[in-house]
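Everything below concerns the one structure shown next.
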C-alpha cells in the first residue's frame, strides 16, 4: 500500500518533531548567547583599548585600571565563551569575537603586569586573596567630634582608634579628604577604608572635614587654617585616644593632598595660621595621593578648572598671589617633612607633570622624598580596596611612616 505524500513511518513521526524542535531551540540559544556575549566582548574591548589611548580619551579605561584583576577574570571567561562558540561553528563573526576577547585579555595582562612590576620594585607583599575585593559599606569611625564652627556650620572630624586598644604611644595620622575643594567629606569614598586599614595596623587616625568652596564662597585663605585647627585639636586630644603626637603624620588625596602638604610644609615652618588657635604638633612625614599640588595647572587643565576657580576665585592672571600661596612647592624649606607622592600616570584631573615637578623640587631641596607612579592609573586609582595599586600605596605609606616618624 502506498503511503500518502509527505508521510513516513508512523513510528518516526513522534521522534522527528521533538528532535527538530530541540535543534531549533539549540540554534536559538546559541544565537542569543552569541549576541549577548558579543555586546559584552565589544564593551570590555573598548574599555581596555581606551586605557592605552591619550588623555582625555582614556578616562574610562584608565579609571577601571583599579579593577584590573576583575577585568582579567572577566576577560578569561570571555575567551572561554567565544572559544566555545568558535569551536561549535567557525563563522567569521565568531572568529572576530574570539579575537577581540583575546586582545582584551592581552591588554589587561599588560596593565596588571606593569602594576605588578611596581609592586615588586616597592617590595610589596601582595595579598592575592584581596585582589578581587569590591568597595563595600563605610568603615565607621569610633567617634565623631565637632572641632570648629564656621559660618553657622559645624565642622566635624572622625577618630579611628588603633586596633591594639587605647594604649598610649600609638603613632597618629591626620587625614584630609579630596573633592576638588568643593565637594566630598571624611566619610565618603576611599578615606574611611584607608582610615580603618591604618587603624588596624596600630595607628590613631583623625580624619577631618572642612568648609567647602562654592562659586560665591572662595575659601583659599580659610581652609588651610581649618586644617591647622584640626592639627591643634589633635595635638591637644590625641593622648586620650592613645595617640603620640611626637609621631604625627598626614595623608591627603587630591584636594586633600594639597591641603595636607600645605599644612605640613607651612605648619612645620611656623607659617600656618590656625582657625582656632592652639599649638601645632610637628608633622613628621606626609603621604599625598594624586595631590592637586600645582594650582595654576589645575586651572589650565580643562577637566579641573572649576575646582581652581571656585577655591581661588578666578584665574592665575587675576590672582597670581593666591595661586602662589596655595602651591606647596612654594613652601618647601629646611623643615619640610619627608614626602611620599603617589600618582596615576593617566590622571586627567590632576595631570602627573605637576606631581613630578614637585618631586623634583623636593629632591633639589634635599628633602627625603619618593615618587610612586601607578601605570595606567587614573584619579582615584585606589577605588578598589584590594587592588594592586591600593596595596602598593598602603604598604609603601606604612613603610614611609615607619622609617620617618618612628
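The values are calculated or read from the model by the stated rules, or taken from the named source; none is laboratory data. Model, not experiment: these values are computed from the prediction. With ideal geometry, Cβ positions are generated from the backbone for all residues, glycine too; neighbour counts draw on all protein chains shown.
Within the stretch 229-237, can one find any residue that is closer than 18 Å to residue 369 by Cβ and touching a strand residue (DSSP E or B) at 6+ places or on another chain (Cβ under 9 Å)? No, there is no match, as no residue in the stretch 229-237 is closer than 18 Å to residue 369 by Cβ and touching a strand residue (DSSP E or B) at 6+ places or on another chain (Cβ under 9 Å).
A quick yes/no check of all residues on (1) surrounded by 22 or more Cβ atoms within 10 Å (Cβ to Cβ); (2) without any contact (Cβ under 8 Å) to a residue 60 or more places away in the chain; (3) more than 18 Å from residue 264 (Cα to Cα):
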{"position": "140", "(1), (2), (3)": "no, yes, yes"}
{"position": "161", "(1), (2), (3)": "no, no, yes"}
{"position": "170", "(1), (2), (3)": "yes, no, yes"}
{"position": "175", "(1), (2), (3)": "yes, no, no"}
{"position": "222", "(1), (2), (3)": "no, no, no"}
{"position": "236", "(1), (2), (3)": "no, yes, no"}
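Against the condition over 28 Å from residue 372 (Cβ atoms) and either in contact with a strand residue (DSSP E or B) (Cβ under 9 Å, 6 or more places away or on another chain) or modelled with pLDDT under 95 (or both), how does residue 155 come out, does it pass? In short, yes.
Check the stretch 304-327 and report whether any residue there is within 17 Å of residue 257 (Cα to Cα), assigned to a loop (DSSP other than H, G, I, E, B), in the same structural domain as residue 199 (by TED's automatic domain parsing) and modelled with pLDDT of 95 or more. The answer is yes, given that some residue of the stretch 304-327 is within 17 Å of residue 257 (Cα to Cα), assigned to a loop (DSSP other than H, G, I, E, B), in the same structural domain as residue 199 (by TED's automatic domain parsing) and modelled with pLDDT of 95 or more. Residue under question is residue 308, and the condition is that it be out of contact with any helix residue (DSSP H, G or I) (no Cβ under 9 Å at 6 or more places or on another chain) and buried (at least 17 other Cβ atoms within 10 Å of the Cβ); does it hold? For residue 308, the condition - out of contact with any helix residue (DSSP H, G or I) (no Cβ under 9 Å at 6 or more places or on another chain) and buried (at least 17 other Cβ atoms within 10 Å of the Cβ) - is not met. The residues of the stretch 116-152 that are over 19 Å from residue 399 (Cα atoms) and not in a loop (DSSP other than H, G, I, E, B), listed by number, are 128, 129, 130, 143, 144, 145, 146, 147, 148, 149, 150. Given the criterion within 20 Å of residue 376 (Cβ to Cβ), modelled with pLDDT of 95 or more and outside the structural domain of residue 63 (by TED's automatic domain parsing), identify the matching residue among 100, 105, 131. Going through 100, 105, 131 in turn, the sole match is 131. Please determine whether any residue of the stretch 334-343 is within 23 Å of the chain's Cα centre (by Cα), part of a helix (DSSP H, G or I) and in the same structural domain as residue 178 (by TED's automatic domain parsing). Checked against the condition, which is being within 23 Å of the chain's Cα centre (by Cα), part of a helix (DSSP H, G or I) and in the same structural domain as residue 178 (by TED's automatic domain parsing), the stretch 334-343 yields no hits at all.
Residue-wise test of (1) surrounded by 20 or more Cβ atoms within 10 Å (Cβ to Cβ); (2) outside the structural domain of residue 387 (by TED's automatic domain parsing); (3) at pLDDT 95 or above.
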| site | (1), (2), (3) |
| --- | --- |
| 56 | no, yes, no |
| 61 | yes, yes, no |
| 85 | yes, yes, no |
| 93 | no, yes, no |
| 110 | no, yes, yes |
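Residues being farther than 20 Å from residue 218 by Cα and outside any loop (DSSP other than H, G, I, E, B): count how many of those fall in the stretch 169-187. Number of matching residues: 6.
Here is a check on your reading of the model: is residue 221 more than 19 Å from residue 250 (Cβ to Cβ) and in contact with a strand residue (DSSP E or B) (Cβ under 8 Å, 6 or more places away or on another chain)? For residue 221, the condition - more than 19 Å from residue 250 (Cβ to Cβ) and in contact with a strand residue (DSSP E or B) (Cβ under 8 Å, 6 or more places away or on another chain) - is not met.
One line per residue, one yes/no per condition, for (1) in a helix (DSSP H, G or I); (2) more than 22 Å from the chain's Cα centre (by Cα):
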site	(1), (2)
211	no, yes
214	no, yes
226	yes, yes
238	yes, yes
248	no, yes
283	no, yes
298	yes, no
